[in-house]
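Worksheet: the structure to be examined is printed underneath.
The values are calculated or read from the model by the stated rules, or taken from the named source; none is laboratory data. Note that this is a predicted model, so its numbers are computed, not measured. Don't worry about glycine lacking a Cβ; one is built from the backbone with ideal geometry, like all the others, and counts go over all protein chains shown.
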Amino acid sequence: MQSLSRLLPMLLVLAGCQQAPPQLEEGKPSPPIFEKAYIDTHNGYSEAVVVESAGVRTLYISGQVGEGADLEAQMRSALARLMKLLGDQGASMADVVKMNTYIVDYGPESLQVFRGVRKELMGEADMPASTLVGVAALAMPEWLIEIEAVAVVPTSD
């Protein structure tokens, strides 16, 4: 117990010698850790949100739907929209690190279409992490597929 009573004052002295964290000037906001940009905002959402921090831009892209009479046509159209959105932000499919795909009335034939179109348009190497979910419906009854993505690119600084 006596050694503890000697140790406590030494610890207090050492703690007092630590450098205090920097203080912000009163009334000034703290500097932002990251910046956000909202792309093509409409109907209560953004087509994409771009977050930039520490030399990296992360693009969070809302679900893209396509047009066409069948799953294949809609998937091609949805991927074309996704590629355009990426291109408008200085990115490409090669920058996509995560893709979520939702297919209405999913079945084995849907998987064949999905894999075939994806392979044709995206190749087979360096594929993003991916989730495929069969759903009963999407926001509009004519939509058969919706594809969302996350892409990461270095900033151009």
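Residue count for the stretch 47-71 satisfying the condition of being crowded, with 18+ Cβ neighbours inside 10 Å, modelled with pLDDT of 95 or more and outside any strand (DSSP E or B): 1. Could you say whether any residue in the stretch 36-57 is within 17 Å of Glu142 (Cβ to Cβ) and either free of Cβ contacts under 8 Å to residues at least 60 places away in the same chain or of a type in the set (D, E, K, R) (or both)? Yes, the stretch 36-57 contains at least one residue that is within 17 Å of Glu142 (Cβ to Cβ) and either free of Cβ contacts under 8 Å to residues at least 60 places away in the same chain or of a type in the set (D, E, K, R) (or both). Every condition in (1) small (Gly, Ala, Ser); (2) touching a strand residue (DSSP E or B) at 6+ places or on another chain (Cβ under 6 Å); (3) touching a residue at least 40 places away in the same chain (Cβ under 8 Å); (4) more than 30 Å from Pro32 (Cα to Cα) is met by Gly66 except one, and the failing one is (2).
Residues are listed down the side, and each one gets a yes or a no for (1) of a type in the set (Lys, Arg); (2) modelled with pLDDT under 95; (3) in a strand (DSSP E or B):
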{"site": "Lys98", "(1), (2), (3)": "yes, no, yes"}
{"site": "Leu121", "(1), (2), (3)": "no, yes, no"}
{"site": "Asp126", "(1), (2), (3)": "no, yes, no"}
{"site": "Thr131", "(1), (2), (3)": "no, no, yes"}
{"site": "Leu138", "(1), (2), (3)": "no, no, no"}
{"site": "Glu142", "(1), (2), (3)": "no, no, no"}
{"site": "Ala151", "(1), (2), (3)": "no, no, yes"}
{"site": "Ser156", "(1), (2), (3)": "no, yes, no"}
